[in-house]
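First up is the structure itself, then whatever we jot down about it.
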Amino acid sequence: MKRFDYYQPQSLKEAYSLMEKAAGSAKYIAGGTDILWRIRQKAVEPDALISLRAIEALRGISVNGGLSLGGMTLFREVERNPAIADKYQALTQAASLLANPQIRNVATVGGNLCNAAPSADSALPLLVMEAVLVLEGPGGAREVPIEHFFKGPGQTAMDKTEVLTQIKIPKGEPRTRSAFLKVGRLRQDIAVVNAAALVVMKGNLCAKCRIALGAVAPVPLRLKSVERLVEGQEIEPALLERAGEMAEKEVRPISDVRSTAAYRKAITRVLAMEAIKTAVMSAH
């Protein structure tokens, strides 16, 4: 394994200065649960790692109207927060299903997003909740809707010098409910397919629907055709069947060590139906 320097700045300003001095040959590290494994596998060989762990400005959960998460918020903190469990159900469910308690004690939401794995558990709830990501670097801060953040496996809209400082989720409408589901070889394994759905119910009709699938495309994927199908409709078995069929046709999974493409397409159909159904049932 290639040797590298390790820095632990106390502020974002110090972190940016270190990154600029490294001229792009360093990498930021959050919880480290992914990048250290990639370094051992020689998938990446940085000259230096710049830890964000000691920067207090990147921590914290605020529920005031909407929800705000610092980029270094731990999955364990999300999992245990009662306000998130009450208003943002899918996010709590995704956090509780990520890996195991030991990993959730060190893994961060920002790190999970910045790794840009197509199967990233936190990406799907945040997609259906239409989160906005705050990216900050030496040149200042900018906001990017999460839908435009992922560019491909391991690729994001971030510049090398930028840090994901904050995740902002807007306040939900009354009777907004969400659900997250996951299929893996083992409970703590990376998802074979995962899904999140959000609904806003007005009487018996679905006024708003958002649905996203993971591990079925190069990036975590919102299924907008399914959303349009469901919105304005009463959620009944025939509609769910059509939604599942449409979802299966829309995804483009690959075969890998975890699953075949054919199996992923079949599971997509089931998870799309179940995620919408689960969210709707919790809204009543």
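The values are calculated or read from the model by the stated rules, or taken from the named source; none is laboratory data. Values in this document were obtained by computation on a predicted structure and should not be read as measured data. Note that we place each Cβ from the backbone using ideal geometry, even for glycine, and neighbour counts take in every protein chain shown.
Among the residues of the range 57-98, what is the count of those that are under 22 Å from residue 182 (Cβ atoms) and touching a helix residue (DSSP H, G or I) at 6+ places or on another chain (Cβ under 8 Å)?
21
Got a sec? Which strands (runs of 3 or more DSSP E) wholly within the range 109-171 have at least 1 residues that are assigned by TED's automatic domain parsing to the domain that holds residue 181, free of Cβ contacts under 8 Å to residues at least 12 places away in the same chain and surrounded by fewer than 24 Cβ atoms within 10 Å (Cβ to Cβ)?
none
Write out, first by first residue and then by second, each pair whose Cβ atoms fall under 9 Å of each other, whose residues are 6+ apart or on separate chains, and whose first residue, in the range 200-212, is more than 15 Å from residue 236 (Cα to Cα) and touching a residue at least 60 places away in the same chain (Cβ under 8 Å) while the second is surrounded by 22 or more Cβ atoms within 10 Å (Cβ to Cβ) and of a type in the set (Ser, Thr, Tyr).
So the pair list comes out as 210/178.
Do you know which residues across the range 245-284 are among the small types (Gly, Ala, Ser) and not in a loop (DSSP other than H, G, I, E, B)? Please lay out each step first, then the result.
Going through the range 245-284, the residues among the small types (Gly, Ala, Ser) turn out to be 247, 255, 259, 261-262, 266, 272, 275, 279, 282-283.
247, 261, 262, 266, 272, 275, 279, 282 - these are the residues of the range 245-284 that are among the small types (Gly, Ala, Ser) and not in a loop (DSSP other than H, G, I, E, B).
Just need a number here: residues in the range 207-239 that are assigned to a loop (DSSP other than H, G, I, E, B) and more than 20 Å from residue 173 (Cα to Cα).
Here the count works out to 8.
Mind listing whichever residues of the range 5-37 are modelled with pLDDT of 85 or more, surrounded by fewer than 16 Cβ atoms within 10 Å (Cβ to Cβ) and over 15 Å from residue 160 (Cβ atoms)?
Within the range 5-37, 5, 6, 8, 10, 11, 13, 14 meet the criteria.
Would a scan of the range 183-203 turn up a residue that is crowded, with 24+ Cβ neighbours inside 10 Å, more than 14 Å from the chain's Cα centre (by Cα) and not β-branched (Val, Ile, Thr)?
Yes: the range 183-203 contains one or more residues that are crowded, with 24+ Cβ neighbours inside 10 Å, more than 14 Å from the chain's Cα centre (by Cα) and not β-branched (Val, Ile, Thr).
Across the range 39-56, which residue is modelled with the lowest pLDDT among those that are of a type in the set (Asp, Glu) and in contact with a helix residue (DSSP H, G or I) (Cβ under 8 Å, 6 or more places away or on another chain)?
Filtering first and then ranking leaves 45.
What's the total number of residues in the range 173-198 that are charged (D, E, K, R), over 17 Å from residue 67 (Cβ atoms) and assigned to a strand (DSSP E or B)?
Of all residues in the range 173-198, those charged (D, E, K, R) come to 173, 175, 177, 182, 185, 187, 189.
From what is left, the residues that are over 17 Å from residue 67 (Cβ atoms) are 175, 182, 185, 187, 189.
With the extra rule that they be assigned to a strand (DSSP E or B), the set shrinks to 182.
Adding up the residues that qualify gives 1.
Would you call residue 280 out of contact with any His (no Cβ under 8 Å at 6 or more places or on another chain), at pLDDT 95 or above and closer than 14 Å to residue 214 by Cα?
no
Can you pull out the residues in the range 52-64 that are over 21 Å from the mean Cα position of the chain (by Cα) and either of a type in the set (Ser, Thr, Tyr) or part of a loop (DSSP other than H, G, I, E, B) (or both)?
54, 55
Check residue 242 against each of (1) crowded, with 16+ Cβ neighbours inside 10 Å; (2) in a helix (DSSP H, G or I) and name the one condition it does not meet.
(1)
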